[in-house]
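Notes follow the structure.
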Amino acid sequence: MQSKFQKRLKTRRAISAVISNMVLLAAVIAAGFVALQYTISTSNTYTTQYGTSAGSSINQLREKVAFEYVFYNSTSKTLTAYILNCGKIDNVSISAAYIRNQSTLIDSKTNGIPLYFLNNTSAQGLNVGQEGKFVLSWTSPSGQTSSYMIQILTGRGSFFENMFTT
Amino acid sequence: MRNSNPSKGKRGFSSIVGSVFMVLIMSVLASGYFVYTLSQNTAYNTAVGQKNQLDQSVRSENLQCLNTTYTPFNGTNNVNVNARIQNIGSTSVQFITIWICITNSTPWTGYNFSTLTNATVQPGNVYQLNTNLTVSNLVSGANFTYSYNYASWLITSKGNTVALLQQIISSNVIISAQVAQGIGSISMDFKAFRYYDFGSGYVSNGTVLPSSKNSYTVPNSNNTILALQLTNYDNSTQDITLYSNSYVWIVTPQSSTVKPAAWAIANVTSGRYISSFSTLTLPYGKSTTVYFGPSSPSFSGAVGNVVVPVFILLYGRVGSADFGQNIPFVAFNIQT
């Protein structure tokens, strides 16, 4: 025979169900918020990466560099290239330069190319409409007049090229 | 019998809340990503459009250089560049920099640039360029005493390069022969031949030239100065400098020998004979009057008219190289 306490305990099942439902609901809500926050965070990460990639491509599209003159000094063994930022974006820098003969790579300078304005002051980058120059130490492999191509890689990853003769 | 326990009917409530969160998450994820992607795509398309527009505007620049002259001045290393550039494109063009490059056969190369201001030319208009450049500040050694090869070009604000071409002689006018390198670089205008007859008078420094005669009949005993119209059509388009040992030379059959005397190249300035002569430059493509004399054939023993062959002997430099040419197509009728 059941005691009185046991009988009363059996009659309190409804209270446990409410509590359990509330606990369950709270857990679901908490998990939902965590999942939502995680989703938003992940989404932000993806959109940021996509935005960075798209922005980089857009900036590359807006970059345009024209060569004004390329001069090889056979005495000092230097190659001086005069360039103009004729694009739509400021702060164009040169990160690498390559010299080619036909399709053959003759020489490359990839350690960062210092830029100068035409008045020989140092420049971090060229803004729109600004002219500048850079000087490379380079020895032409041919003693005679030959044609070469210089390619420059900008800090944003755009390529520009120009022919010159030694 | 129906379930009388109300808790049994609320078992799906958490699932509903979870579903709502799931829908919310998916909505936030999809809509946010979609909208952002769309905005980035729009920005990219805008950039592509701007790039195409920029390329199009660069291609729409169309300029024609009508004539370019280079004039050294003020000693050495300075040169004046004069050119007319017509905008035959559909957009206005702004020139920002002019470059000049000078070379010779040493080989030596000097170059310099100059920033241009207010150098904008509207479609259809002509821009008159007249600027002085000094080359020595970058590469020393330029000396325009000798002929140099010039090249210059303009840079537009859109990055185009416009070469300043020197006057081109139309191939419809000049027909170069296929042999003997076009029969020389200098051409003579036979119809423009003149001479100045000083009669029995003595010709000295500062003597004023008399009226010219347009004839190939030349007096035997009188002092004459010959005026030849010579044009430099050198294939390399370089100037030709004539030295003092350039002559008009004739051969007479009467004396049975080559006449030792001849008309030496002379200096005539402002209608007066100047006894000193250094050099004479024949600019490429331009007709220049070249004077020879004074001298006279002074054939002895000849009677009446004697037709003799004439050799125009020209010696000097073309660019920085030696130059020599003989024009043997002339005849004089020597009137004794």
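The values are calculated or read from the model by the stated rules, or taken from the named source; none is laboratory data. These numbers were taken from a predicted model, which means no experiment stands behind them. In this analysis, Cβ positions are derived from the backbone assuming ideal geometry, glycine residues included, and neighbour counts consider all displayed protein chains.
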Problem - B:Thr288, sole failed condition from (1) within 14 Å of B:Leu314 (Cβ to Cβ); (2) within 33 Å of the chain's Cα centre (by Cα); (3) modelled with pLDDT of 90 or more - result: (3)
Problem - Test: A:Gln151 is out of contact with any Ser or Thr (no Cβ under 8 Å at 6 or more places or on another chain), closer than 21 Å to B:Thr117 by Cα and in contact (Cβ under 8 Å) with a residue 24 or more places away in the chain - result: no
Problem - Odd one out for A:Val70 among (1) over 30 Å from B:Ser39 (Cα atoms); (2) crowded, with 18+ Cβ neighbours inside 10 Å; (3) free of Cβ contacts under 8 Å to residues at least 12 places away in the same chain; (4) not acidic (Asp, Glu) - result: (3)
Exercise for the section: Check whether at least one residue in segment B:119-138 is modelled with pLDDT under 85 and within 11 Å of chain A (Cβ to nearest Cβ), and report yes or no. Expected result: yes
Exercise for the section: Take A:Leu79 and decide whether it is surrounded by 19 or more Cβ atoms within 10 Å (Cβ to Cβ), within 11 Å of chain B (Cβ to nearest Cβ) and either in a helix (DSSP H, G or I) or on the phi < 0 side of the Ramachandran plot (or both). Expected result: no
Exercise for the section: Could you tell me which numbered condition A:Asn85 fails, if it satisfies all but one of (1) at pLDDT 90 or above; (2) away from every other protein chain (no Cβ under 14 Å)? Expected result: (2)
Handout entry: Set B:Thr106, B:Thr42: member being at pLDDT below 80, loosely packed, with under 12 Cβ neighbours inside 10 Å and not charged (D, E, K, R)
Key = B:Thr106
Fill in the blank from the handout: Of (1) without any contact (Cβ under 8 Å) to a residue 24 or more places away in the chain; (2) touching a strand residue (DSSP E or B) at 6+ places or on another chain (Cβ under 6 Å); (3) over 28 Å from A:Gly55 (Cβ atoms), A:Thr75 fails just (2)
Practice task
Report, by residue number, each residue of segment B:17-67 that is in contact (Cβ under 8 Å) with a residue 40 or more places away in the chain, part of a helix (DSSP H, G or I) and more than 7 Å from chain A (Cβ to nearest Cβ).
Solution key: B:Ser57, B:Val58
Handout entry: Residue count, segment A:99-121 (criterion: more than 24 Å from the chain's Cα centre (by Cα), loosely packed, with under 15 Cβ neighbours inside 10 Å and more than 14 Å from chain B (Cβ to nearest Cβ))
Key = 5
Handout entry: Test: residue in segment B:11-33 that is of a type in the set (Lys, Arg) and at pLDDT below 80
Key = yes
Handout entry: Failed item, numbered, when B:Leu116 is tested on (1) at pLDDT 80 or above; (2) within 10 Å of another protein chain (Cβ to nearest Cβ)
Key = (2)
Problem - Criterion violated by A:Leu61 - all others in (1) facing chain B (nearest Cβ under 9 Å); (2) exposed (fewer than 15 other Cβ atoms within 10 Å of the Cβ) satisfied - result: (2)
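From A:Phe134, A:Phe71, which residue is at negative phi and either of a type in the set (Asp, Glu) or within 11 Å of another protein chain (Cβ to nearest Cβ) (or both)?
Testing whether each residue is at negative phi and either of a type in the set (Asp, Glu) or within 11 Å of another protein chain (Cβ to nearest Cβ) (or both) leaves just A:Phe71.
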Practice task
Might you check whether a residue that is at pLDDT 85 or above and surrounded by fewer than 16 Cβ atoms within 10 Å (Cβ to Cβ) occurs anywhere in segment B:66-80?
Solution key: no
Problem - Cross-chain or 6+ apart pairs with Cβ under 9 Å, segment A:26-40 first and facing chain B (nearest Cβ under 8 Å), then loosely packed, with under 13 Cβ neighbours inside 10 Å and part of a helix (DSSP H, G or I) - result: A:Val28/B:Ser15; A:Thr39/B:Met26
Exercise for the section: Hey, could you check segment B:178-227 for residues that are more than 29 Å from B:Gly285 (Cα to Cα) and of a type in the set (Gly, Ala, Ser) and say which is surrounded by the most Cβ atoms within 10 Å (Cβ to Cβ)? Expected result: B:Ser221
